[in-house]
Amino acid sequence: MAQGFALGGLLNGVKVVNGEFAGGVWDWLSPFSAIVVLGVASGYSMLGSAYLIIKTTGEMQDGFYRRGQWLAWLMLAVAGVVTVVTPLHYPAIFKRWFSTPDIYYFATLPALSILSFFMLLRALKRQYELAPFVWTMMIFLFSFAGLAATWFPYIVPGYVTIDAGGADSSTLVFMLIGIGMLIPVMITYNVYQYIVFRGKIDPDAEHLVLTADPMGWRRSQRSHIEDRHLYAAIQS
């Protein structure tokens with residue numbers, strides 16, 4: 001939600017006077033930013049559903065196929081609203097999008113996004129496993145590329161460029177060194193967690209359970225199906 005409100009507030013306009021922020025505390029909160037939040041949440045949910053399609057089987061997987069279809073339509077609806085509102089709110093963007101020959105370049109990314117959307121729906125309906133995740137990633141890629149191309153070279157729309165918003169060279173070098181030291185750690189962690197969680201989720205697989213009794217902790221093996229039956233019995 002925070003990312004959606006931040007992006008929505010940025011697209012809705014930031015008041016800047018003489019290079020300084022001149023807006024209010026609640027400028028980020030508007031109906032438009034709430035719509036953007038809905039789009040960001042549905043996009044991340046679609047990514048999660050597409051990933052879990054790869055990891056699951058049976059009824060659980062069928063549920064993610066169904067959720068994925070309405071999440072995809074929700075993403076498209078929000079993208080349509082943002083696409084219409086942005087050029088109307090910023091005349092400079094309208095001129096940039098619809099002037100010749102720029103219109104031919106800017107029309108390419110929305111066309112690829114729409115193509116990816118229909119390919120995503122096709123993959124969900126045919127119940128492909130890997131394709132929904134790939135096409136969802138393509139939608140994100142084309143959407144962010146279009147956003148960057150629309151606002152370049154600004155980082156705060158219409159006011160602050162990327163060069164003007166950057167820190168001094170010494171600060172950027174310090175950040176580069178710090179982040180550079182973390183990159184190997186992040187790569188190692190992601191490789192490790194991918195190995196640990198590789199393969200599909202097996203609801204019949206047994207896992208180690210620690211339970212307490214008067215004589216101390218007891219180790220036992222129990223399947224995920226048994227967990228669900230136990231949880232249902234406790235709830236009833």
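The values are calculated or read from the model by the stated rules, or taken from the named source; none is laboratory data. This structure is a prediction, so every number in the text was calculated from the model and none was measured. Note: accessible area is taken over every heavy atom of the protein model, side chains too, but ligands, DNA and RNA are not part of it. Shrake-Rupley method; radii C 1.70, N 1.55, O 1.52, S 1.80 Å.
For segment 1-112, count the residues as N, evaluate 2.2 N^0.38 Å, and divide the Cα radius of gyration by that value, please.
Normalised by 2.2 N^0.38 Å, the Cα Rg of segment 1-112 equals 1.35.
Got a number for the accessible area of VAL36? Probe 1.4 Å, square angstrom, nearest 10.
Only protein atoms counted, so the area is about 10 Å².
By accessible area of protein heavy atoms, probe 1.4 Å, what ranking do PHE117, PHE94, PHE142 get, highest first?
From most exposed to least exposed: PHE94, PHE142, PHE117.
Starting at 0 and stepping by 5 Å, how many percent of the alpha carbon pairs of segment 98-137 end up in each bin?
6, 25, 22, 14, 11, 10, 8, 4, 1
Which value in Å is the Kirkwood Rh of segment 36-181 over different Cα pairs?
17.4
Using protein chains only and a probe of 1.4 angstrom, how many square angstrom of MET60 are accessible, to the nearest 10?
90
Give the ranking of TRP28, TRP97 by solvent-accessible surface, highest area first, calculated with a 1.4 Å probe.
Details: TRP28 95, TRP97 45 Å².
I get TRP28, TRP97, largest accessible area first.
Per the Cauchy relation, a quarter of the hull surface: what is the mean projected area of the convex hull of the alpha carbons in segment 129-169, in nm²?
Result: 4.0 nm².
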